[in-house]
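Working notes for the structure below.
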Amino acid sequence: MEKIICSWIAIALSVLISSGYAGSRGGMYSDINDELMNSSHSEAMAGSDLSMSSGASPSSTPANLAFDSLSTISLSYANYFHNAFSTSLLSFTTSAGENLGYGITAGYVYLPQIEITEHADTNGSGEPVYDPEIVSCSSIFFRIGLGWKTRIRESMHVALGGALNGRRTRLPDYRGYRIGMDLGAKMLLSKPGVSIAVSAENLISDVVIWSDAYEEVAYPHLRVGLGWEKEFPYIYGRLRIGYTTPDLLSNEGINYIGEDELGDGVSIEKPEYFKLYRKPSLLITAGKYGLEYTIMSRFALRGGLTQGKFSFGAGILLFGGRAGLDYSYSAAALAGTSQVSLTYRW
């Protein structure tokens, strides 16, 4: 198995070095909708659980798949901006031996009731007639991941993982197709309860091919996640704290909100873009922070913060821990997002 994993990584790196897309344009926002494919658990912690999540979603490292010994199926639904659009996510993870795990994830984004006025007409008096064309857009996402771990010492495990991602986007006049590969690694120190994870997304040139022969490369991302877990037996609780860096390659686009002075003491928000090496304080200001407190292994409270936006949620396990229900709420400038997830383990 070690040879298979090493061969997979070697092939990925060789393709990365040799691949090139002449005529393709780069886009920092080509894969931004992947962030919508997330679980309620992770959303409640503002995406800070990179080193502790299941590994099924695109915002988690596939190396995490090696650490779950149970088979899990999960269904999530999220509603954005007062029904402006919604997302659905179905994932399945399981183990294939003591040190190997894999996962399959499918997601769907639906944006209904879009009014198109491009072909608006006028009446006999020359006045415009408001008769818009009503269309909808959608996006289908899939992910297949594999994780493998080995024990270095009694309380130290190291894991490697890889995942293939694909997406089909349907716009009113165009269709877009994208496929790419992510790699990840994780180190778990079980006695102090510390985990460190690395996620390399779009490692192999991830190209969005549109139906009008236009191609756009989704830039790679590199993130590091830290986690700490501690049991408190006297109060029957468990505390988990997570932190995830912003993209260390600075390929996420707008990553800082400054202020622009208009005069007379009036200022407005000014979105800006910085390279991390020019503004290392982004490791703090643009990082993702979250915590989870679980009571008696049954009820969990979660909270998160990233770039001034907070999120919170809760989860409960039923039927001896086999079934679970999770809820999260993420604040936003326009309207908050509610998400609910159902999980079953066996």
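Every number in this text was worked out from the coordinates using simple rules, so none of it is lab data. Because the structure is a prediction, the values reported are computed rather than measured. Cβ: placed from backbone, ideal geometry, glycine included. Neighbour counts: every protein chain shown.
P(r) tail, the range 46-101: Cα-Cα pairs separated by more than 17 Å, 47% of all pairs.
Among the listed pairs Lys186/Lys270; Lys149/Lys230; Lys230/Lys275; Lys149/Lys309; Lys191/Lys279; Lys279/Lys309, give every one whose C-alpha distance is greater than 27 Å. Don't jump to the answer; show the numbers that get you there.
Details: Lys186/Lys270 36 Å; Lys149/Lys230 22 Å; Lys230/Lys275 35 Å; Lys149/Lys309 35 Å; Lys191/Lys279 35 Å; Lys279/Lys309 20 Å.
Violating the 27 Å limit, Cα to Cα: Lys186/Lys270; Lys230/Lys275; Lys149/Lys309; Lys191/Lys279.
Helix 2-18 and the long axis of the chain differ in direction by around 30°, with both axes built from C-alpha atoms. Radius of gyration (Cα atoms) of the range 155-313, expressed as a multiple of 2.2 N^0.38 Å: 1.34.
For the range 227-335, state which trypsin sites (Lys or Arg not before Pro) are in a DSSP loop and have at most 16 other beta carbons lying within 10 Å of their beta carbon. Kindly include the intermediate steps, with their values, before the conclusion.
Numbers: sites: Lys230, Arg238, Arg240, Lys275, Arg278, Lys288, Arg298, Arg302, Lys309, Arg322; in loops: Lys275, Arg278, Arg298, Arg322.
Those that pass, being in a loop and sparsely packed, are Lys275, Arg278, Arg298, Arg322.
Legend: translational diffusion of the range 62-160 by Stokes-Einstein, Rh = Kirkwood radius over C-alpha pairs, 37 °C, 0.692 mPa s; D = 189 µm²/s. A DSSP coil position with no more than 13 other Cβ atoms inside 10 Å describes the following chymotrypsin sites (Phe, Trp or Tyr not before Pro) in the range 93-188: Tyr130, Tyr174. All Cα-Cα separations within the chain were binned at 20 Å from zero, giving a P(r) of 27, 56, 15, 2, 0, each value a whole percent of the pairs.
How many percent of the alpha carbon pairs in the range 167-238 exceed a separation of 15 Å? I get 68 percent for the Cα pairs in the range 167-238 exceeding 15 Å.
How would you rank 153-166, 328-341, 46-59, highest first, on the average number of other Cβ atoms within 10 Å across their residues?
Values: 153-166: 18.7, 328-341: 17.1, 46-59: 27.2.
Packing order, densest peptide first, comes out as 46-59, 153-166, 328-341.
Spin-label model, Tyr174 to Ser211: label points 7 Å out along the Cα-to-beta-carbon direction sit 1.2 nm apart. Approximating the spin labels as points 7 Å out from Cα along Cα→Cβ, the Glu269-to-Tyr344 distance works out to 4.1 nm.
Just want to confirm a number: the relative contact order over the range 108-248, from Cα pairs under 8 angstrom separated by 6+ residues, in percent.
Working: 316 pairs, mean separation 20.3, N = 141.
So the answer I get is 14 percent.
Using alpha carbons only, what's the Rg to Rh ratio of the range 239-291 with Rh from Kirkwood? Before the final figure, lay out the partial values.
Working: Rg = 14.1 Å, Rh = 12.7 Å.
That ratio is 1.11, to two decimals.
How much mean residue ellipticity at 222 nm does the chain get from its helices, if each DSSP H run of length 4 or more adds -39500 (n - 2.57) and you divide by all residues, to the nearest 500 deg cm²/dmol? Numbers along the way, then the final one.
Values: 3 runs with 26 residues, N = 346.
Calculated at 222 nm, the ellipticity per residue is -2000 deg cm²/dmol.
Approximating the spin labels as points 7 Å out from Cα along Cα→Cβ, the Phe319-to-Val129 distance works out to 5.6 nm. Fewest-first ordering of Met37, Met181 by other beta carbons within 10 Å of each residue's beta carbon gives Met181, Met37.
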